[in-house]
1. Could you grab me the full set of residues in the range 88-109 that are loosely packed, with under 14 Cβ neighbours inside 10 Å, in a helix (DSSP H, G or I) and either in contact (Cβ under 8 Å) with a residue 24 or more places away in the chain or touching a Cys at 6+ places or on another chain (Cβ under 8 Å) (or both)?
2. For Ala146, only one of the following conditions fails: (1) crowded, with 18+ Cβ neighbours inside 10 Å; (2) in a helix (DSSP H, G or I). What is its number?
3. If you check Thr104 against the conditions, is it more than 24 Å from Ser64 (Cβ to Cβ) and not charged (D, E, K, R)?
4. Please go through (1) closer than 24 Å to Asp52 by Cβ; (2) part of a helix (DSSP H, G or I); (3) not β-branched (Val, Ile, Thr) for Ser162 and return the number of the only condition it doesn't satisfy.
5. Working only within the range 110-123, note down all residues that are farther than 15 Å from Asp152 by Cβ and either open to solvent by 40 Å² or more (accessible area, probe 1.4 Å) or touching a His at 6+ places or on another chain (Cβ under 7 Å) (or both).
6. If I go through the range 71-87 residue by residue, how many of them are under 12 Å from Leu181 (Cα atoms) and open to solvent by 60 Å² or more (accessible area, probe 1.4 Å)?
7. Report, by residue number, each residue of the range 21-53 that is of a type in the set (Asp, Glu) and at pLDDT below 65.
8. Based on what the data block shows, is Ala185 assigned to a helix (DSSP H, G or I), among the hydrophobic types (A, V, I, L, M, F, W, C) and open to solvent by less than 40 Å² (accessible area, probe 1.4 Å)?
Amino acid sequence: MKVTMLGSISSVVLLFVLLFSATDNSKVKADVDPLLPTCKTVGGGSMYAGIDFCMAALGSDKRSRGAESYRSLSIIAVDLLTANVTSTATKIDGLLQKGGDATTIKCLQPCQALYREIVKRRPGCAAAVKNGSFKEAQAELQKSAAAAKECDSGFRNGHVTSPVAVEDDNAFKLAKLADGLLDHAT
């Protein structure tokens, strides 16, 4: 009788472990962000816009949850880039109006021109993505990334702290993210 009871207890414990494991795994699967596979593909090997940045950027826009293609996500990334460069251009204008340290002002002036140029190119870039002209859009995105880096390097070369360093970095990464998404778009 002890053997039968021990066998029954072992069977119950094994059944409990199997049920708990199955329930636990389904919970883990349900908790996985649907953007993760895309961000792993696009940002996993990227030294520019990694998985965490991809998840945070795309996750900040509710449209990305319903996006069904790399193209749709790229449009969202271009929209996020547009919002970033527009607000950065406005911030630079405000900083220049305030005045301040001569070296900082000297570094901000070329940034102002760079950001104004990026802002002007955004509608054409968004249209190119929507029309499927990915190479054209990617060329524009690469110009935007280069302009953000150029603004940032102006401050480094001037040995001054940039008041738009975060914005430059985000613009660069958003441009690279949109570009990387287009590499997988059809």
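1. Thr103, Lys106
2. (1)
3. Taking the combined requirement at face value, the residue satisfies it.
4. For Ser162, the exception is condition (2).
5. Arg116, Glu117, Val119, Lys120, Arg121, Pro123
6. Number of matching residues: 1.
7. Selection gives Asp24, Asp31.
8. Criteria not met by Ala185.
The values are calculated or read from the model by the stated rules, or taken from the named source; none is laboratory data. What you see is a predicted model, and the numbers here were worked out from it, not measured in a lab. Note: ideal-geometry Cβ built from the backbone for every residue, glycine included; neighbour counts use all protein chains shown. Each accessible area value is taken on the protein alone, full model and side chains, heavy atoms only, with ligands, DNA and RNA left out. Shrake-Rupley method; radii C 1.70, N 1.55, O 1.52, S 1.80 Å.
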